[in-house]
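Working notes, structure below.
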Amino acid sequence: MEIQNSEKYPRMYVDPVNALKRQNWHFMNKYLPLSKALGKPVFIDAAYSMDDFKALYKALFIDYNADAVRIYIGAYPDDVSDLDLETKYAGTLTTFYAPCKLSNDPITNEIIFKEEDIRINYMMHPQKGLEKITLDLANKLIDSYRNSPIKLPLLTQIVRDHGGNSNDTDTRSVLHLKIDFEELLTEANFQGAAQIQAKFTSYTNAEASVQGKKYLCRLTTAYELLDAAGRVIDITLRARTGSEKKILTDDFNNAVLCPPEVCGF
């Protein structure tokens, strides 16, 4: 893995003030309504061991040599016995990862991130760690999320009710560049993190940045570093000096969302 300048904040980092605002808005306006409709929590945070996260990085960016990764939002089916999952995961939202490479759109000639025709997908299985999954399973996870009335359709209505773009559904996938993951892993090593936690959050209905306004109220993902006791590490407490220090901004930290950008599936 390429080593990044240790004085920069990683691109996937959201400053604590904005992160807390988004987490609180997400909890009140999405977590509670969806969990009430499902009858149990629908959003479950996933804490990955450093070994698992490094294995994910290796599979995507070294073995496959991807330029970016598309993180699909899916949902476990109501029957999770064939996935070797505890029943608490039935119907809950999850994510899986698909490597992407730079490509030219055959119609517009625009540079896009495209998956191969034979799609390669990975997920962090709650009981098994990193697992390569079939296209059939990936499609089932997507279908369970997008076509269940209490998941994507309900999320979309929440977005529209709170002033979000009425032409788009809520988020179907997010896309991060290779360098985003490189910087996150580099920071995790500097911080001595024990785990990297993936969680669902949402842009609020009162965003100030250009990207925030574009994605008002939209579901997205966030990644936090955890210490050995499971506590979130505030990376701003680590001393940084020099002209390479990245200014804290939320403009590019929660990934590029589909829609309105191009989706794979």
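The values are calculated or read from the model by the stated rules, or taken from the named source; none is laboratory data. Just so we're clear, the structure is a prediction, and the values are computed from it rather than from any experiment. Backbone-built Cβ (ideal geometry, glycine too); neighbour counts: all protein chains shown. Heads up: the accessible areas ignore ligands, DNA and RNA and are worked out on the full protein's heavy atoms, side chains in. Shrake-Rupley method; radii C 1.70, N 1.55, O 1.52, S 1.80 Å.
By the Cβ distance rule (another cysteine Cβ under 4.7 Å), the unpaired cysteines of the chain are 100, 217.
Computed over the alpha-carbon atoms, the chain gives an Rg to Rh ratio of 0.94, Rh here being the Kirkwood radius from the mean inverse distance. P(r) tail, segment 161-232: Cα-Cα pairs separated by more than 17 Å, 55% of all pairs. Charge dipole (Cα centre; +1 on Lys/Arg Cβ, -1 on Asp/Glu Cβ; no other charges) of segment 133-228 amounts to roughly 440 debye.
Between the beta carbons of residue 143 and residue 179, assuming R0 = 35 Å, the FRET efficiency works out to 0.65 to the nearest 0.05. Model label points for residue 227 and residue 210, set 7 angstrom from Cα along the Cα-to-Cβ axis, are 3.8 nm apart. The stretch between residue 27 and residue 116 holds 28.5 nm of extra length on full extension. This uses 0.36 nm per residue minus the Cα-Cα distance. Summarised in one figure, the compactness ratio Rg/Rh of segment 113-212, Cα atoms and Kirkwood Rh, is 1.00. How charged is the neighbourhood of residue 147? Take every other residue with its Cβ under 15 Å from the Cβ of residue 147, and add Lys/Arg as +1 and Asp/Glu as -1. Combined, the nearby Lys, Arg, Asp and Glu give +1. Here's the list of lysines a cross-link from residue 36 could span, going by alpha-carbon distance under 26 Å and ignoring same-chain residues fewer than 8 apart: 21, 88, 140, 151, 199. In this calculation the C-beta distance from residue 49 to residue 162 is compared with R0 = 41 Å, giving a FRET efficiency of 0.70.
Give me the percent relative contact order of the chain, please, defined on Cα pairs under 8 angstrom at least 6 residues apart. Contact order relative to length: 28 percent. In a reduced charge model with +1 at each Lys and Arg Cβ and -1 at each Asp and Glu Cβ, the chain shows a dipole moment near 660 debye about its Cα centre.
Ligands, DNA and RNA left out, the accessible area of the chain computed with a 1.4 Å probe is 52% carbon and sulfur. Taken per residue, the accessible surface of segment 1-93 reaches 47 Å², heavy atoms only and a 1.4 Å probe.
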